[in-house]
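The values are calculated or read from the model by the stated rules, or taken from the named source; none is laboratory data. Computed from a prediction, not measured in an experiment: that's the story for all the values here. When we count neighbours, we look across all protein chains shown, and the Cβ atoms used for this are built from the backbone with ideal geometry, even at glycine. The protein model used for the area step is the full one, side chains on, heavy atoms only, and it has no ligands, DNA or RNA in it. Shrake-Rupley method; radii C 1.70, N 1.55, O 1.52, S 1.80 Å.
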Amino acid sequence: MPAMLNHAIYARRRSRLINQMRRGIAVIPTAPEVTRNGDAHYPYRYDSHFHYLTGFEEPEAVLVLVAGNAPQSILFCREKNMEREVWDGFRHGPEAARIEFGFDAAFPIAQLNDKLVELMGNQPALFHPLGAHAVWDDRILELRSRVQAQARSGITAPNEIHDVRMLLDEMRLIKDDGELAAMRRAAAISTAAHLRAMRAARPGRMEYEIEAELLHEFRRNGAQAPAYTPIVAGGANACVLHYVGNNTLLKDGDLLLIDAGCEVDGYAADITRTFPVNGKFSAAQKDVYEMVLAAQAAAIAAARPGVRWNEPHDAALCVLAQGFIDLGLCQGSLDAVLESESYKRFYMHRTGHWLGMDVHDVGAYKLEDNWRVLQPGMALTVEPGCYIRAADDVPQALWNIGIRIEDDVVITSQGGEVLTGAAPKTVAAIEALMVHT
Ligand code: GLY
Ligand code: MN
Ligand code: MN
């Protein structure tokens, strides 16, 4: 996308937020760099809210917005520093950042405290991601105290403090065309990675060898990072929902559950596929797999505008609970299994979450105690599963079967657009793909 167009989008988002604030000042810092050990850092990832409003990727930066009659959008960032740039790379510096990113003003980050004391004076309200970072909460309150100390000069400090995320989360929940383009790209790269993983899997390989295929496919296509730590879970490991060890030998006869997605320009994909290590489902694996696939189809069919958030989950749950009864995993009628929640032994998570800049994206799921209604532009995952641990009261053929099937769906005016459907998921498609030469 041409740079000018991009920056106009960020400026429009800032204006929208300023209009919603109506009056007051917002202080929105980006994420800190985090030391891993010694002089090594974790890979830097900007704060999603900050980036949503600026497109600015450097650390040590803060966005300040002033609402009211004379709205302003101000960036604080690192100064140019040729010596540091030799070591760590390019810095825009305030002057170039102001012009390139279209802020009304920009100042060195070292001036933040003094400038904020000036800017907060006589503002009625302060907006901040309250509670997100204790260090920032303390710093903002300390600066507000400095404003209060000017009372004898007739200057007042903000009397209201709001969590700016209440406004920003709702803005981010509805994706615009630029966001959807990034999500489609993340979905396409992640889909390619799952295809590659299916082709690479076979008995005798290690889980981390398959993880390496995924990561290589992400990166060689320009994804900046995995959107979350990939789960590559063979056999019983698939029954550990957040398994990330990825260090076990893949065995003939086992299933392999892969939950992996990449991040492109700040937007995540989140895909899970489960398939046989040897390329052929056993009868028992197929029974469970077809049940989860039917549950996913029911949930995807229910993901459309005008329905409430819980409806895809409830649709999947009915299929799974009936399936658990049919497989001898749960006893009693469908109503009894749903009522007692005995299904939770085998399906203990919900069927999806919002997806966007964060893999578990922001946005309320309920409004005033009601599940919210799906609208065009919302993006969510649909990811039913079934996790059967070894136990005396469970048919042995089903032991250690862990299956999840996860796709990413954008709500459109017509229904739901599945972004990740090109990753094979029918038994026939998976077995056809995995015929090894
Ligand atoms: N990969 C995280 C999730 O599926 O929610
Ligand atoms: Mn997910
Ligand atoms: Mn996932």
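Considering only DSSP beta bridges where both residues belong to the chain, give the percentage that are antiparallel (nearest 5).
Working: 44 of 54 bridges.
If we restrict to bridges inside the chain, about 80 percent are antiparallel.
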Task: Cα-based helix-to-principal-axis angle, 283-302 vs the chain, degrees rounded to 10 - done: 40
Task: Rg [Å, one decimal], Dmax [Å, integer] - the range 107-236, C-alpha atoms - done: 24.1, 77
- [ ] With everything on Cα atoms, drop me the angle between helix 177-200 and the longest principal axis of the chain, reported from 0 to 90° to the nearest 10.
- [x] 40
Task: Overall dimensions of the range 349-393 by Cα: Rg and Dmax, Å - done: 14.8, 47
Task: Value of [θ]222 nm, deg cm²/dmol, for the chain, DSSP H segments ≥ 4, -39500 (n - 2.57) each, nearest 500 - done: -11500 deg cm²/dmol
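Report the charge-dipole magnitude of the chain in Debye, nearest 20, computed about the Cα centre from +1 at each Lys and Arg Cβ and -1 at each Asp and Glu Cβ. Show your work: numbers first, answer last.
On the way: 43 positive and 56 negative charges, 123 e Å.
Approximately 600 debye in magnitude.
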Task: Arg146 accessible area, 1.4 Å probe, all protein chains in place, Å² to nearest 10 - done: 90
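Roughly speaking, what is the stretch gain from Ser145 to Arg196, that is 0.36 nm per residue apart minus the C-alpha to C-alpha distance, in nm to one decimal? Write out the running numbers ahead of the final one.
Working: separation 51, 0.36 × 51 = 18.36 nm, distance 5.68 nm.
Full extension from Ser145 to Arg196 adds 12.7 nm.
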Open item on the list: Quick check: at a probe of 1.4 Å, how many percent of the accessible area of the range 152-220 sits on carbon and sulfur atoms?
Closed with: 50
Open item on the list: Which order do you get for Ile109, Ile99, Ile189, Ile161 if you rank them by accessible area with a 1.4 Å probe, largest at the top?
Closed with: Ile99, Ile161, Ile109, Ile189
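Taking 2.2 N^0.38 Å as the expected size of a compact globular protein, what ratio does the Cα radius of gyration of the chain give against it, to two decimals? Mind showing how you got there, number by number?
On the way: Rg = 24.9 Å, N = 437, 2.2 N^0.38 = 22.2 Å.
This ratio for the chain stands at 1.12.
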TODO: Would you mind computing Rg(Cα) / (2.2 N^0.38 Å) for the range 235-347, counting N as its residues?
DONE: 1.22
Open item on the list: Can you tell me the length gained on complete extension of the stretch His349 to Asp39, counting 0.36 nm per residue apart and subtracting the Cα distance?
Closed with: 107.7 nm
TODO: Could you let me know the centre-to-centre spacing of the range 64-124 and the range 204-264, using Cα atoms, in angstrom?
DONE: 41
Open item on the list: Please list, in order, the residues from the range 11-42 whose amide nitrogen is less than 16 Å from a point placed 7 Å along the Cα→Cβ vector of Trp87.
Closed with: 33-42
Task: Rg [Å, one decimal], Dmax [Å, integer] - the range 78-173, C-alpha atoms - done: 16.3, 48
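Multiplying the sequence separation of Asn69 and Gln414 by 0.36 nm and subtracting their Cα-Cα distance, what value in nm do you get?
Working: separation 345, 0.36 × 345 = 124.20 nm, distance 4.04 nm.
Stretched fully, the Asn69-Gln414 segment lengthens by 120.2 nm.
Past the 22 Å Cα-Cα mark, which pairs from Lys280/Lys425; Lys286/Lys425; Lys251/Lys344; Lys175/Lys344; Lys251/Lys280; Lys366/Lys425?
Details: Lys280/Lys425 13 Å; Lys286/Lys425 12 Å; Lys251/Lys344 28 Å; Lys175/Lys344 32 Å; Lys251/Lys280 13 Å; Lys366/Lys425 31 Å.
Correct reply: Lys251/Lys344; Lys175/Lys344; Lys366/Lys425.
Glu368 to Asn6: FRET efficiency via 1/(1 + (r/R0)^6), r the Cβ-Cβ distance, R0 41 Å, to the nearest 0.05?
Working: r = 36 Å, r/R0 = 0.87.
Here the calculated transfer efficiency is 0.70.
Can you figure out the FRET efficiency of Val244 with Ala132, using R₀ = 30 Å and their beta-carbon distance, to the nearest 0.05? Could the numbers behind the result be given before it?
Values: r = 25 Å, r/R0 = 0.82.
Efficiency, rounded to the nearest 0.05: 0.75.
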